[in-house]
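What follows is a set of notes on a single structure, which appears directly below.
Only the coordinates and a few stated rules stand behind these numbers; no lab work does. From a predicted model like this one, the values you see are computed outputs, not experimental measurements. A quick note on method: Cβ atoms are made from the backbone with ideal geometry, for glycine too, and the neighbour counts reach across all protein chains shown.
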Amino acid sequence: MSMLRATALVSLALLGACASFPDESTTVVQSPPPFERLAAGNRRFACDAPLAMGRGETRRTEVAKGQHPYAIVVTCSDSRVAPELLFDAGLGDLFVVRTAGHVLDDHALGSIEYAAEHLGAHAILVVGHERCDAVAAAMSTGELPGHIESLATAIRPAIVAVPAGSDASDRCVAENVRATVTALKHCTPILHELVEAGTLDVRGGVYDLDSGVVKMIEVRAGEH
């Protein structure tokens, strides 16, 4: 067994149940399905034990010839939410689309379609995060300056769907993720056709700024 492989296996074994994902001790070695790979990378990040593989000269030279990302991550532009770090990913691993509050527009959708249809990525993970300023802005009652209002307008339907309560902010973040997941699943013609054909899976999660964990959330059956 090579030293690199042995180190990878030992690092993963040490992680245990640190994060809320099932243990996959062979993740790095056997390249499991996309969502399992994302979960394993997030577990390493949350436990402060990243492998930081695939970021050196060899990988840089390899991906310079072409890209084949294993997953698409749609997330917020927040400076604390960097997918390549959250999922301990290397160069060329993730195709990332980021807007405040992961709001979708034609440019974002076109980018996602390109990655799914042309680059062959079979998984999309939408990642919201706690204490999201974009969601907080959408929850406010006053008019916002400039184009910021357009972001709030796009998010507000998710806000309206959430009953008032002490944890309303967290529930609004999760509901906004569900809304984005649903929109992507039903985006015609490309994404919807891939989802219906069973070659594209779209899921959602919420990132905890304090623990570093991305917790997967359910999308109601009626939304697909």
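Figures for the structure shown
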| read-out | value |
| --- | --- |
| Cut-off under 5 Å, modelled amide H: who pairs with VAL202 long-range | ILE124 |
| Residues THR199, THR180 arranged by fewest to most Cβ contacts within 10 Å | THR199, THR180 |
| Low-density loop cleavage sites - GluC sites (Glu not before Pro) in the stretch 115-224, where at most 13 other Cβ are within 10 Å (DSSP) | GLU143, GLU218 |
